[in-house]
Amino acid sequence: MLVALLSATPAAGQVNLSGVWNNLNLMHEDKPDRFEGPELGDYAGLPVADALRLRADSWDASLITLPEYQCRVHPSDYVSSFGGLRIWEERDSASQQLIALHTHHFAWGTERTIWMDGRPHPPDYALHTAMGFSTGKWEGEILTVTTTHLKEGWVRRNGLARSDRATVTEHFIRHGNNLTLVIIVNDPVYYTEPVIRSREYEYEITGDIGPYPCEPVEEVIRPKGAIPHHLPGTNPFLEEYSKAHHLPQEGARGGAETMYPEYKKKMSEAAK
Amino acid sequence: MTRRSFNLLFGAVVILACVASTMVRAQQGQNFDNVQVHLLKAQGNVYMLVGAGGNITVQVGDQGVLIVDTEYAPLSNKILAAIRTISDKPLRYIINTHYHGDHTGGNEPLKKAGSTIAGGNVSFDIADAAQGAQIIAHDNVLKRLSARTNNPAIPAAAWPTSTFIGEDKKLFFNGEGIHIVHQPAAHTDGDSIVFFRRSDVISSGDLFTTTNYPVIDLNAGGSIQGIIAGLNHIIDLMIPVYGQEGGTMVVPGHGRLCDLGDVINYREMATIIRDRVQDMVKKGMSLDQVKAARPTRDYDPLYGATSGFWTTDMFVEAVYKGLSRK
């Protein structure tokens with residue numbers, strides 16, 4: 001009897017993450033980046049590869065006026081930048097074993113499944129999606145999630161893309177009524193080192209998440225097939241960020257070196 | 001002929017020779033023994049079959065089996081075995097998206113494994129069911145597969161049995177409309193996309209892939225402008241569930257199963273690179289200068305190659321020569 005009771009309880013370390021978690025009150029110094037949006041030409045503090053630098057330099061914000069881009073959803077590794085989420089469990093009714101965790105995000109109302117039943121990831125030729133394919137496991141009281149099969153997304157909304165070959169590792173860490181989410185993006189195409197972010201959420205007893213409909217409209221009349229972009233060397237906005245913040249342009253261009261404290265010294269010397 | 005136009009023509013011939021010969025070499029030199037064939041349901045009645053060479057699209061239903069493209073001949077038994085896991089009905093139709101050997105190499109054995117419902121005016125194409133499945137393609141596919149200059153010659157049994165010369169051909173099979181739409185001057189001059197209207201799946205052929213830059217067979221009538229027009233056409237046909245996701249699925253010529261967002265990303269890449277090279281052509285830059293400027297370098301980690309049948313240099317050259325034509 002005792003054995004049967006014990007086997008029916010959650011595995012050691014499992015933490016209940018269910019509920020509505022919000023982060024709108026927990027944006028601090030990074031609010032301008034996450035909410036209003038990053039500044040053009042700000043690649044600082046990110047390990048951008050050369051190829052990505054050109055791609056971002058070519059990016060024109062008018063791109064998102066194209067109808068087919070207007071309702072493009074935040075990918076699962078970025079969606080936590082913006083608004084709350086609901087988490088709920090899916091359990092086998094007989095065994096009460098955890099099959100999956102599901103999340104619903106405020107931003108674009110996207111829903112995601114984190115499989116907890118040990119199933120493998122799909123083959124290479126399967127569909128990629130904005131949410132990707134996620135599997136999770138408990139490491140102590142931390143839920144660690146691995147996501148593959150992501151569609152191309154972004155790390156910053158100023159043209160800094162994240163490729164569809166990235167793998168993302170997340171850690172969900174609950175401390176009472178707070179939840180810390182650590183996101184580690186490994187993108188061998190566009191980033192020379194992992195991109196690591198963390199997000200804070202607070203539990204909302206009366207929390208609710210509203211709908212997020214999106215309907216594309218024709219905002220600008222353009223020739224069919226026109227894609228707004230800047231030809232190499234013609235983007236006039238790339239130095240606005242560094243000039244506005246009195247930073248050396250070299251630092252604004254990003255790269256792995258700019259992630260580390262030692263770079264402050266180099267920037268100070270460059271500014272002299 | 002001016003020196004410039006001679007150089008362009010010569011370059012086009014070289015590119016074609018490279019594309020065509022590598023397609024043949026890929027088949028002749030490749031060991032297919034260890035190739036595994038996989039089926040993935042796209043949606044509705046339509047599946048994507050992945051092996052070596054171009055992807056095959058498979059539609060199944062009460063009336064039989066229809067496939068789009070045939071990969072390589074040595075894989076035919078494996079392809080048929082995979083199809084038999086989802087249908088025991090006869091193979092009725094083969095549709096070729098274009099003439100390249102990695103998409104038509106299995107035409108002959110797969111045709112022979114199938115059977116057409118003959119009679120009526122179909123008997124002008126295929127006299128009786130024993131001759132095998134019907135092979136449908138744009139007329140330019142027949143012209144290229146039957147060309148006397150092919151070395152080695154491609155047997156008549158591998159040629160299309162039913163061709164069309166206009167914008168499209170339509171048939172109704174297994175309870176759904178199938179729209180075969182010619183996309184002129186794109187990957188080649190004989191490209192078709194195949195739209196399964198009820199299943200909501202498009203088979204794009206090599207107009208769209210996820211693995212490499214667009215292959216432009218210049219001497220077979222291909223062009224970057226046609227590729228982009230084809231991608232825009234596919235995007236026009238697609239309706240997502242939300243944003244850029246779900247809804248219409250696309251089986252690409254090579255690579256993974258896709259939906260709208262993937263086609264949009266590829267179209268964005270092709271358009272931006274076209275615009276960059278066009279700007280360089282307008283400035284009078286030579287091909288060597290354009291190559292040195294590396295107009296593709298932001299996309300090279302995704303689609304580029306320095307060796308193999310379609311290198312980044314070959315792509316840039318094809319774009320440049322196509323846009324330089326008067």
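The values are calculated or read from the model by the stated rules, or taken from the named source; none is laboratory data. What you are looking at is a predicted structure, and each value in this text was computed from that prediction instead of being measured. Don't worry about glycine lacking a Cβ; one is built from the backbone with ideal geometry, like all the others, and counts go over all protein chains shown.
Okay, here's what the table says:
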| read-out | value |
| --- | --- |
| Selected residue [of a type outside the set (A, V, I, L, M, F, W, C) and either touching a helix residue (DSSP H, G or I) at 6+ places or on another chain (Cβ under 8 Å) or within 14 Å of chain B (Cβ to nearest Cβ) (or both)] from A:74, A:102 | A:74 |
| Tabulated pairs, the stretch A:39-54, first in contact (Cβ under 8 Å) with a residue 24 or more places away in the chain and within 19 Å of residue A:244 (Cα to Cα), second in a helix (DSSP H, G or I) and of a type in the set (D, E, K, R), C-beta under 7 angstrom, 6+ apart or interchain | A:39/A:240; A:40/A:240; A:41/A:240; A:43/A:53 |
| Any hit, the stretch A:191-210, residues being over 27 Å from the mean Cα position of the chain (by Cα), assigned to a loop (DSSP other than H, G, I, E, B) and modelled with pLDDT under 95 | no |
| The stretch B:274-316, residues that are within 10 Å of chain A (Cβ to nearest Cβ), in contact (Cβ under 8 Å) with a residue 40 or more places away in the chain and closer than 14 Å to residue A:58 by Cβ | B:274, B:296, B:299 |
| Residue match in the stretch A:263-271 (condition: assigned to a helix (DSSP H, G or I), in contact with a His (Cβ under 9 Å, 6 or more places away or on another chain), exposed (fewer than 15 other Cβ atoms within 10 Å of the Cβ) and not hydroxyl-bearing (Ser, Thr, Tyr)) | yes |
| Selection count where residues are in a helix (DSSP H, G or I), in contact (Cβ under 8 Å) with a residue 40 or more places away in the chain and loosely packed, with under 15 Cβ neighbours inside 10 Å, scope the stretch B:74-93 | 1 |
| Leading residue by the ranking (surrounded by the fewest Cβ atoms within 10 Å (Cβ to Cβ)) among those in the stretch B:263-273 that are farther than 21 Å from residue A:234 by Cβ and facing chain A (nearest Cβ under 7 Å) | B:265 |
| Any hit, the stretch A:178-197, residues being within 12 Å of chain B (Cβ to nearest Cβ), exposed (fewer than 15 other Cβ atoms within 10 Å of the Cβ) and either touching a strand residue (DSSP E or B) at 6+ places or on another chain (Cβ under 7 Å) or within 21 Å of residue A:134 (Cα to Cα) (or both) | yes |
| Selection count where residues are under 19 Å from residue A:68 (Cα atoms) and surrounded by fewer than 24 Cβ atoms within 10 Å (Cβ to Cβ), scope the stretch B:204-232 | 3 |
| Selection from the stretch B:236-254 of residues that are facing chain A (nearest Cβ under 9 Å) and in contact with a Phe, Trp or Tyr (Cβ under 7 Å, 6 or more places away or on another chain) | B:243 |
| Near pairs, Cβ below 7 angstrom, 6+ apart or cross-chain, from the stretch B:165-193 (in a loop (DSSP other than H, G, I, E, B)) to any residue that is charged (D, E, K, R) and buried (at least 17 other Cβ atoms within 10 Å of the Cβ) | B:187/B:206; B:187/B:217; B:188/B:217; B:190/B:144 |
| Residue list for the stretch A:219-240, filter: of a type outside the set (A, V, I, L, M, F, W, C) and within 14 Å of chain B (Cβ to nearest Cβ) | A:222, A:223, A:224, A:225, A:228, A:229, A:230, A:232, A:233, A:234, A:235 |
| Qualifying position, being modelled with pLDDT of 90 or more, over 19 Å from the mean Cα position of the chain (by Cα) and not charged (D, E, K, R), among A:73, A:15, A:20, A:3 | A:15 |
| Flag if residue A:128 is within 13 Å of chain B (Cβ to nearest Cβ), in contact with a Cys (Cβ under 9 Å, 6 or more places away or on another chain) and of a type outside the set (Asp, Glu) | yes |
| Residues of the stretch B:184-204 satisfying the condition of being of a type outside the set (A, V, I, L, M) and within 15 Å of residue B:171 (Cβ to Cβ) | B:192, B:195, B:196, B:197, B:198, B:199, B:203 |
| Given (1) away from every other protein chain (no Cβ under 14 Å); (2) surrounded by fewer than 19 Cβ atoms within 10 Å (Cβ to Cβ); (3) of a type in the set (D, E, K, R), number of the condition residue A:111 does not satisfy | (1) |
| Filter pass, residue A:206 being closer than 30 Å to residue A:84 by Cβ and either surrounded by fewer than 17 Cβ atoms within 10 Å (Cβ to Cβ) or among the acidic types (Asp, Glu) (or both) | yes |
